[in-house]
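Readers should treat all values here as calculations from the given coordinates under stated rules, not as data from a laboratory. For clarity, every value in this text was computed on a predicted model and none was experimentally measured. Glycine also receives a Cβ, built like all others from the backbone with ideal geometry; neighbour counts cover every protein chain displayed.
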Amino acid sequence: MFNFFKKKDKPTEKLSHADYNIIFDNQIVENTQIEVIEIGKLNLPTGKISVCDPLAYPDIPPFKNKVKPGKYPVKLYQAKTEDMGDRITVAKLEFSSKKADKWVLALRDDENLADLTEDSDFFGFPVDAGLGGFMDYETALEYNRFVLQFIKDNPDGNIYDDLFAYEFKKSAKNPDNEYECGDWVNYALPGTDLNITMFSSGYGDGMYPAYWGMTNDNEIVSLVIDFFVLLLPEDGEEEE
């Protein structure tokens with residue numbers, strides 16, 4: 001007599017604990033005011049998207065999923081917290097006006113859901129310069145060349161102090177205040193039609209996940225980064 005045991009199905013997707021539509025559709029979330037900041041469009045010539053800290057880890061591979069090449073709006077949802085000031089809670093790259101029905105963890109080629117053994121586990125991107133960003137994979141390659149050239153031309157320089165601090169200052173609410181920096185940049189790489197978005201990452205350095213916003217029939221309508229400012233999982237709460 002033989003006993004047959006059905007193997008456990010391999011997971012095909014991992015969902016976020018949060019519904020980000022709550023942040024997108026409301027001006028007040030968890031007693032915190034939400035401000036929407038539209039920072040312009042991102043050019044995606046290949047439709048392959050890299051999400052990273054552009055100053056600390058710009059060479060992270062793109063996600064497996066691709067979108068139709070084009071130019072898409074980037075929106076930042078800033079939480080006006082009582083104790084920690086203005087903090088970006090979610091960044092959204094928007095491909096459609098449709099509302100997402102689910103939020104599916106974005107994966108790279110070398111990432112396997114079977115490696116996530118705990119409900120709270122996720123794949124994400126490391127932040128060490130307090131920034132996150134969206135860019136096309138072609139842009140990522142060109143940006144790396146741009147940074148290397150800057151270092152070659154400015155061996156004693158610092159690309160943030162010498163370049164991006166000025167660019168961030170443009171988005172400051174009070175640019176005349178020498179102590180106030182802006183929270184975001186939409187930077188066009190010189191001599192190209194490629195651009196890169198950078199924005200402050202919630203409460204700073206750490207590891208943050210990105211999720212595809214998808215309809216129930218798996219149409220991709222957005223890509224979001226969760227900076228863990230609002231809609232945090234409760235203690236002991238399992239993710240879906």
(message) Apply the Karplus curve 6.51 cos²θ - 1.76 cosθ + 1.60, θ = phi - 60°, to the phi angles in region 30-42 and return the couplings in whole Hz, x for Gly and Pro.
(response) 6, 6, 10, 6, 10, 10, 9, 10, 8, 10, x, 9, 10
(message) Rounded to the nearest 20 debye, what is the charge dipole size of region 21-226 about its Cα centre when +1 sits on each Lys and Arg Cβ and -1 on each Asp and Glu Cβ?
(response) 900
(message) Net charge within 10 Å of Gly204 by Cβ-Cβ distance, Lys/Arg positive one each and Asp/Glu negative one each, not counting Gly204 itself?
(response) -1
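What fraction, in whole percent, of alpha-carbon pairs in region 71-202 exceed 18 Å separation?
67
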(message) Can you show me the helix-derived [θ] at 222 nm for the chain, built from DSSP H runs with n ≥ 4 at -39,500 (n - 2.57) apiece and divided by the number of residues, rounded to the nearest 500.
(response) -3000 deg cm²/dmol
(message) For the chain, what does the convex hull of the Cα positions come to per residue, in cubic angstrom?
(response) 161
(request) Give me the percent of Cα-Cα pairs in region 142-184 that sit more than 17 Å apart, rounded to a whole number. (result) 41
(message) Whole-Hz ³J(HN,Hα) for each residue in region 82-96, computed from phi via Karplus 6.51 cos²θ - 1.76 cosθ + 1.60 with θ = phi - 60°, x for glycine and proline: what do you get?
(response) 6, 9, 10, x, 6, 9, 6, 9, 9, 10, 10, 9, 9, 9, 7
(request) Amide H neighbours of Asp101 under 5 Å, at least 5 residues apart or on other chains, H built in the peptide plane: list them. (result) Met214, Thr215, Asn216
(request) Using the charge dipole of the chain (Lys, Arg: +1 at Cβ; Asp, Glu: -1 at Cβ; taken about the Cα centre), state which of Pro58, Gly157, Tyr72 has its Cα farthest towards the positive end. (result) Tyr72
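Using a 10 Å cut-off on Cβ atoms, rank the peptides 177-186, 203-212 from the highest mean neighbour count down. Spell out each step's value before the answer.
On the way: 177-186: 15.0, 203-212: 18.1.
Highest-to-lowest ranking by the protection proxy: 203-212, 177-186.
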(message) Just want to confirm a number: the relative contact order over the chain, from Cα pairs under 8 angstrom separated by 6+ residues, in percent.
(response) 27
(message) Given N residues in region 1-143, what is its alpha carbon radius of gyration divided by 2.2 N^0.38 Å?
(response) 1.25
